1. Given a Förster distance of 35 angstrom, what is the FRET efficiency for HIS329 paired with SER92, based on the Cβ-Cβ distance and rounded to 0.05?
2. Ordered by packing density, taken as the mean number of other Cβ atoms within 10 Å over each peptide's residues, highest first, how do 228-234, 45-51, 109-115 rank?
3. Once both labels are modelled 7 Å past Cα along the beta-carbon direction, what's the GLU197-ASN144 spacing in nm?
4. Need one word for the stretch 85-178: rounded, prolate or oblate. Basis is the Cα gyration tensor (sqrt eigenvalues a ≥ b ≥ c); a/c below 1.5 gives rounded, then a/b vs b/c decides.
5. Arrange the peptides 191-204, 59-72 so that the one whose residues have, on average, the most other Cβ atoms within 10 Å appears first.
6. Can you figure out the FRET efficiency of GLN227 with ASP109, using R₀ = 45 Å and their beta-carbon distance, to the nearest 0.05?
7. Report the label-to-label distance for LEU321 and ILE282 in nanometres (one decimal), using points 7 Å from each Cα along the Cα→Cβ vector.
8. If you average the C-alpha positions of the stretch 90-107 and of the stretch 191-233 separately, how far apart do those two centres end up, in angstrom?
Amino acid sequence: MARMGNGNQVDEYILNLAKKSQAYRALEGAADARLTLEAGFTTVRDVENEGADYADVALRAAINQGLVEGPRMQIATRAISATGGYFPVQLSPDLPGFPRGAQMITGVDEARRAVREQIFYGADLIKIYADFGDFASPNTKIRNHETLTLEEIKAIVEEAHKGGHRVAAHAMTRAGIRNAVEGGVDSIEHGTQVDKETLALMATKGTFLVPTSAGTVGRYESTPVAQRAAMEPAMQLLRAEIANALAAGVRIACGFDAGTEAKQGKNAAEVAALVKLGLKPIEAIRAATVTGAQLMGWQESVGSLDKGMFADLIGVKGDPLTDISVLQHVSSVFKGGTQVTRLNHASSEN
């Protein structure tokens, strides 16, 4: 539930929080939910709402009650970060009450309290930020590093798991990923710098990997060939992440990181990106269906077609096993056996 442009990330994040009311953010979320459903994604996790407080609770309720159309949703509401460990940054200290992109905590007691609050107000799952970059000073070179301590992560996981709520961890650095996995999280979001030792531990513990790779792959492909050298290190990290995860037997689930208004409803780009990074088409499709349902704990009702499950179907003009890109051009969508009336055909035709 976040829409930003393509300018300065720090400034745009602050403006997004300053200029948009919670009501507006909920309505914006409804529009994005519609685009997502029309793109063929009938069930999703919304893994934190970037400062919209509990607007995603209202959106989920509106969808469930049929007030607006959208996918079935699991929501993470506010997310949890270490104090100073997430956006907005470079904010004036004279604005202590300014909205934050996540609920910030220091210490085990505050970690437990944040989990309890978020679940009380409607969170289906808990999202944490296990690492973050040094954005605070414009004179400091951005360096991602672990933020939440292992003890804080363990407390969050223990508190969430008491009631059957899963924990997803934004983690990109080796130390951040390792802390999150050792702390018992259920999924690693991004996982860019994951090493083979931690992947082996993930396989043993059953931790899912959600690479969210479409953004990097898309930027690489849109860059002129002569200028791609600067992006090769990032692409090499992604290729290694996927190859090593497959070799270790880690379950890979599909998760799309939209981030900007223009990317809403482009979720199938993530399925295509996974193929470009080394998954077979059928493996990428399973990552978005069967494995995605397992990640959510909803494998008894969604993710495949079987007796007693929701009849969710999409129609495409072609065979995705030979051309995965056809999933980005959906011709029809059925949610729970009912055809979705598609208003925004351009959302899946581009």
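1. Efficiency, rounded to the nearest 0.05: 0.15.
2. 45-51, 109-115, 228-234
3. 1.9
4. oblate
5. Details: 191-204: 19.6, 59-72: 17.4.
Sorting 191-204, 59-72 by mean packing, highest first, produces 191-204, 59-72.
6. Working: r = 50 Å, r/R0 = 1.10.
With a Förster radius of 45 Å, E is 0.35.
7. Using points 7 Å along Cα→Cβ, the separation is 0.6 nm.
8. 30
Bear in mind these aren't lab numbers, they're just calculated from the coordinates by the rules spelled out. Not measured: the values here are computed from a predicted model. We place every Cβ from the backbone using ideal geometry, glycine too, and count neighbours over all the protein chains shown.
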